[in-house]
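The values are calculated or read from the model by the stated rules, or taken from the named source; none is laboratory data. Remember, it's a predicted structure, so these values are computed and weren't measured experimentally. As a convention, Cβ positions derive from the backbone with ideal geometry for all residues, glycine included, and neighbour counts pool all protein chains shown. Note: accessible area is taken over every heavy atom of the protein model, side chains too, but ligands, DNA and RNA are not part of it. Shrake-Rupley method; radii C 1.70, N 1.55, O 1.52, S 1.80 Å.
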Amino acid sequence: MLERRWANVGEEWFDDYWINYKRITVKGKDENIKKISSLEEFVKYRKGDVSKIVKRKSVKKIEDCMNNVFIPPIKCQGIKSKLITDIKFIASNVSYEKWVEPFMGSGVVGFNVRPDKAIFADSNPYLIQFYTDIQTNKITPNIVLNYLKEEGTKLLKTDGEHYYVIRERFNKEHNSLDFLFLNRSCFNGMIRFNSKGDFNVPFCRKPNRFAQAYITKIVNQISNIQEIIRFKKYTFKCQSFEQTIKEANKDDLIYCDPPYIGRHVDYFDSWNEEQEILLHNMLTASGIKFILSTWHSNKYRYNKYLDTLWNNLYVLTKEHFYHIGGSEENRNSMLEALVTNFPAQLPEKKSNIIRQGSLFDFIENSHLPSVSSTKEKRITGVKR
Ligand SMILES: C[S@@+](CC[C@H](N)C(=O)[O-])C[C@H]1O[C@@H](n2cnc3c(N)ncnc32)[C@H](O)[C@@H]1O
């Protein structure tokens, strides 16, 4: 388990240590005389507060989690790109055999955590087919490039009408390239199906929707995902969350991001109290470590299930602003919750971490604002 102990000592400490490195001698545990060769020994010698030193490994871990958030080619409602740093950080402090993600959606979480082994599952068959097609090279960056150039030109020539041709074709043939096209040109990047299972999101009108720069961006996302999947043992499965949880083993880590109750109703993506209870019962009975994403509260409401169903677990919260979704409510700022069945912590923001030189296992943290002055609220390790 990672220890996060922040240093609150100034540069003069650092210089002092550097100047005296291996010069001061002290008595070791075995009563032998030894030279001071670590910051910890030095701070102890100067009677400073050792608990404020950060181990370099920990700093690196935090920074690793904050860098390089990869956005996958498919977007979906409730995409957790803004929570990647937090989830990745929590997962980096747990040892596990296999990552199990029963509600993969865009896959942004697992693809950023990048475990060696994983099961990615979802009830939406087109998401699963899309990633399976990348895994089996049925879709490659080059194929996507040519496809988007061709269909993008037709879209431009028909003043957007071609979107509906593709939508109709997708609803008959269910081709992954058409799915990508619709997802990247539909209104708000939504994935929504009517009661017959037909994709029914309208076109997001924009002149030259598939401009060269946009195509390049998507093609790069495809290349990245191909690279991520290539060397890993990943399985993509279209199945219910019940089945996926049954396939998890004791040493795995399950990350669950179910639809939020009362927010989406869709052919492949609906959610009710009964399912929330079933998910809770299966997760808690399994004894397997899990992280659950849910909503905590917004301006109008509080998630009552946190106090009932999910009580007696650990809850961390973080503010998040939703951009996807047509309704006013979906665009409001929302406090997100991460529920775990083990004690977990959120990382500090990178802007607040100032590394003092590269020679020592030490950072200064005198600029860290107090929790109440950040936008991010923490209820670190609070068992509810
Ligand atoms: C909130 S989204 C997941 C978003 C994802 N974490 C991301 O960041 O992109 C919920 C996903 O659960 C899937 N889903 C809904 N009901 C399901 C069920 N009963 N079993 C498995 N997946 C389900 C939906 O298709 C949707 O992709």
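In summary, G325 fulfils each of the numbered conditions (1) modelled with pLDDT under 90; (2) in contact with a Phe, Trp or Tyr (Cβ under 8 Å, 6 or more places away or on another chain); (3) not in a strand (DSSP E or B) with the single exception of condition (2).
Each residue in region 282-303 was checked for being out of contact with any strand residue (DSSP E or B) (no Cβ under 9 Å at 6 or more places or on another chain) and more than 14 Å from the ligand (Cβ to nearest atom), and 3 pass. Just one of the listed residues (I229, I245) is within 15 Å of the ligand (Cβ to nearest atom), open to solvent by less than 30 Å² (accessible area, probe 1.4 Å) and within 30 Å of Y96 (Cβ to Cβ), and it is I245. Please tell me if Y163 is in a helix (DSSP H, G or I) and in contact with a strand residue (DSSP E or B) (Cβ under 6 Å, 6 or more places away or on another chain). So Y163 fits the description; yes. Residues satisfying the criterion are absent from region 217-239 (criterion: farther than 24 Å from N137 by Cα, of a type outside the set (G, A, S) and touching a residue at least 60 places away in the same chain (Cβ under 8 Å)). Confirm whether I134 is more than 13 Å from the ligand (Cβ to nearest atom), in contact with a Ser or Thr (Cβ under 9 Å, 6 or more places away or on another chain) and in a loop (DSSP other than H, G, I, E, B). For I134, the condition - more than 13 Å from the ligand (Cβ to nearest atom), in contact with a Ser or Thr (Cβ under 9 Å, 6 or more places away or on another chain) and in a loop (DSSP other than H, G, I, E, B) - is not met.
What residue, among those in region 31-66 that are under 20 Å from L346 (Cβ atoms) and open to solvent by less than 50 Å² (accessible area, probe 1.4 Å), is modelled with the highest pLDDT? Top of the filtered list is V54.
Considering region 107-130, the residues that are out of contact with any helix residue (DSSP H, G or I) (no Cβ under 7 Å at 6 or more places or on another chain) and open to solvent by less than 30 Å² (accessible area, probe 1.4 Å) include one that is nearest to the ligand (Cβ to nearest atom), namely N124.
Residues in region 150-189 that are on the phi < 0 side of the Ramachandran plot and loosely packed, with under 14 Cβ neighbours inside 10 Å: E150, T153, K157, T158, E161, Y164, E168, K172, E173, F187.
Just one of the numbered conditions (1) in a helix (DSSP H, G or I); (2) more than 10 Å from the ligand (Cβ to nearest atom); (3) touching a residue at least 40 places away in the same chain (Cβ under 8 Å) is not true of V100: (1).
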